[in-house]
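One structure is given below, encoded as structure tokens.
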Amino acid sequence: MAYPVTVTVEPLVANRNRLTTAVRLILAIPHALLVGGIGFSIATRSDGHGITSVGGETGLLGAVAWVLAIVSWFTIVFAGNHIVGIRQFCQFFLRWRVRALAYMMLLEDRYPPFGDEPYPAAVTIVDPAGPRDRVTVAFRLFLAIPHFIVIFFLMIVWWITAIVAWVMILISGAYPAGLYEFGVGCLRWLIRLQAYLLLLVDEYPPFSLS
């Protein structure tokens, strides 16, 4: 049975835009501020020690989405209800985030739109058909721990391959096909996990890049 979160990316391996690739992270700053980047973020506590989080910055919209996810945790666990407006906002955030991350990860060259517009990278989230699983929602963070561990190392590997791909695009104008598919797989895994954590789905995410 297919997982209810589907990330699609139209392949763009050859004839890449070398100029925008060279300065991609700079060009993506406006989107990163709104929906976050990819990788690791470090926050400093008052005692001076750093806290490392997986998945990068959430951005302004992401911060709102995660606060709303906390609200949803209470409404689902205690009432079995996921407020429609909250769900729609979190889905909107993930749609924007997929487009922005595909651009940041060098999977696409077209500049992503600000908001909901057609783009070569997209995510589709199927709404739960029946009553919500309150037990898995209640323990969602604990259930996601194995994915946190895997994606921590997965993102380290992705950053290494992304640097290699960045150099290859600048030299040859092409993204090595194997590395490209790996990048798409990492994006899929990350978005499936975030949809699960935002309480948009109850099915446990697969340990898969496909």
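Values quoted throughout were computed directly from the atomic coordinates according to the rules given, and no laboratory measurement underlies them. None of these values were measured; they are calculated from a predicted model. Backbone-built Cβ (ideal geometry, glycine too); neighbour counts: all protein chains shown.
Things to note:
- Rounded to whole Hz, the Karplus (6.51, -1.76, 1.60) HN-Hα couplings of region 15-30, x for glycine and proline: 6, 7, 7, 5, 5, 5, 5, 4, 10, 4, 5, 6, 4, 8, 3, x
- Estimated from helical segments only, the mean residue ellipticity of the chain at 222 nm is -17500 deg cm²/dmol, where each DSSP H run of four or more residues counts as -39500 (n - 2.57).
- With respect to the chain, whose longest principal axis is taken over its alpha-carbon atoms, helix 59-79 is tilted by about 30°.
- Once the Cα atoms are used to define both axes, helix 84-104 deviates from the longest principal axis of the chain by about 20 degrees.
- Folded to 0 to 90 degrees: helix 145-172 orientation relative to the chain principal axis, Cα: 20
- 32 Å tail of the calculated P(r), the chain, as % of Cα pairs: 17
- Net dipole in debye of the chain [+1 Lys, Arg Cβ; -1 Asp, Glu Cβ; about Cα centre; nearest 20]: 120
- Farthest positive-ward along region 5-197 dipole, Cα basis, beta-carbon charges - from H31, V7, V67: V67
- Peptides 183-190, 98-105 ordered by average Cβ neighbours within 10 Å, highest first: 98-105, 183-190
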